[in-house]
Amino acid sequence: MAGNSTQQQETLSTLLESVSDSLQSEQPEQIVELLSETHPAEIAHLLESLPGKQREQVWPYIPEDSDGEILLHLNDEARAALINKMETQDLVAATETLDTDDLADILPEMPQDVIQEILLSLETQDRDRLKSVLLYDEDSAGGLMDLDTIVIRADITLDVVLRYLRRRDHLPKGTDNLFVVDRENHYLGLLPLSLILTSDPQLFVHELMLTDVSAIPADKHARDVANIFEHRDLITAPVVDNNNHLLGRITIDDVVDVIRDEADHSLLSMAGLNEEEDMFAPVFTSTRRRSIWLGLNLLTAFLASWVIGLFGASIEKMVALAVLMPIVASMGGIAGSQTLTLVIRGMALGQVGKSNSHRLLLKEMWIGVWNGLIWAAVIASVAGLWFQNIQLGFVIAAAIIINLIVAAISGATIPLLLKRVGADPALSGTVVLTTVTDIVGFVAFLGLATVYLL
């Protein structure tokens, strides 16, 4: 698996170099040849890897029948930049090949006049289906669902089902089950294709259908949908409304996108970045966004510096305090980050909640105690020998124990508190935690030193 990933990265890297060379040598025919053999998703990856000017130069040479799918795979900012430069008729043409659920993903980003053109170009049935998808948030099961499903009734035989399937031109992509509904379109269960092919054709659907497979509510968050697919090893799943009416289905390829987006969000949020940010966005745009995060960090740094300033006289009397002070803060920051990351991951997977948060807090606190004792002994020994001061070793040992315990408690509680007030733990948890561990570490070390050494 890792080998395939590495090979794909090398292929995309080679494609990027080849296209860049063709642009520099002004050989557009080579670009056309390269892109004609490339999957739309990989072309989207290529476009995201190119600066804005080169991206615009390459766009006219991509296969016209892939425009819509390429736009679908681009991040929000890169897609918006290209949409703003495309003609109305080109945008309408690009959407003609998209499925209803995919069209719903990019339609809100289109100019209003283009949206009207697209809606007018659709047949009444497709227009109604599109509107039903747009009713739901894009990060919900309803926003993820595909309306192209095969539904059957429970009171027919497998032979009738087989004849019905043969009359269809094709099966929807990723079909592994047929969904069983009643006359009012209430979801009753599902019938795997494997059972249809291996069972007696004279059996009725209700004799074989699986009724213990729950449908996914349309308003369920995409993150929860991904967890359901993981736990149940699903390939597809039915989606229903509040009245148990079948609306559509979710397929594994949509869930993979959710998992990747969640991973990107968790990683980039800790640095104050957005997963939909264009890597080659204008300098001033990126500067403005990052400045906000840097400004927030600056405020917390000033707060920590103010705390250090309260012990300025103590530091002047014993230079060793200034030398050892970063160790206490750093150890607390690392220990807290370990707990913070673990808890945020658990919250994302639905493994951490009110029922077990107290046990988790207790466990992490004891980890902080034992790690504090272990590393306090190590650091105290080094500090005592380094500065030939046993009392200094005891002071930094006590500060390490205090800060690691506080770091563990903070790492476990901060994400839960942030979620309770509606903030994103992945986005702001690191800043809050670092501030707590820095201040507690400085106060503990410098305060104890002031009392017992000076």
Residue match in region 207-217 (condition: surrounded by 14 or more Cβ atoms within 10 Å (Cβ to Cβ) and more than 19 Å from ARG153 (Cα to Cα)): yes
Mind telling me which of the residues SER355, SER337, SER330 ends up being modelled with pLDDT of 85 or more, of a type in the set (S, T, N, Q) and closer than 23 Å to ASP424 by Cβ? SER337
Quick one: is GLU316 closer than 19 Å to VAL443 by Cα, assigned to a helix (DSSP H, G or I) and among the charged types (D, E, K, R)? yes
Spot the failing condition for ASP101; the list is (1) out of contact with any strand residue (DSSP E or B) (no Cβ under 8 Å at 6 or more places or on another chain); (2) modelled with pLDDT under 85, and only one is missed. (1)
Taking PRO415, is it touching a Gly at 6+ places or on another chain (Cβ under 6 Å) and either in a helix (DSSP H, G or I) or outside the structural domain of THR434 (by TED's automatic domain parsing) (or both)? yes
For region 163-266, list the strands (runs of 3 or more DSSP E) that sit wholly inside it and hold at least 3 residues that are farther than 17 Å from LEU144 by Cβ and touching a strand residue (DSSP E or B) at 6+ places or on another chain (Cβ under 7 Å); which are they? 177-181, 187-192
Residue that is in contact with a helix residue (DSSP H, G or I) (Cβ under 6 Å, 6 or more places away or on another chain), of a type in the set (A, V, I, L, M, F, W, C), touching a residue at least 24 places away in the same chain (Cβ under 8 Å) and closer than 16 Å to ASP438 by Cβ, where the choices are VAL352, VAL328: VAL328
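The values are calculated or read from the model by the stated rules, or taken from the named source; none is laboratory data. These numbers come from a predicted model, not from an experiment. All Cβ positions, even for glycine, are placed from backbone atoms using ideal geometry, and neighbour counts span all protein chains on display.
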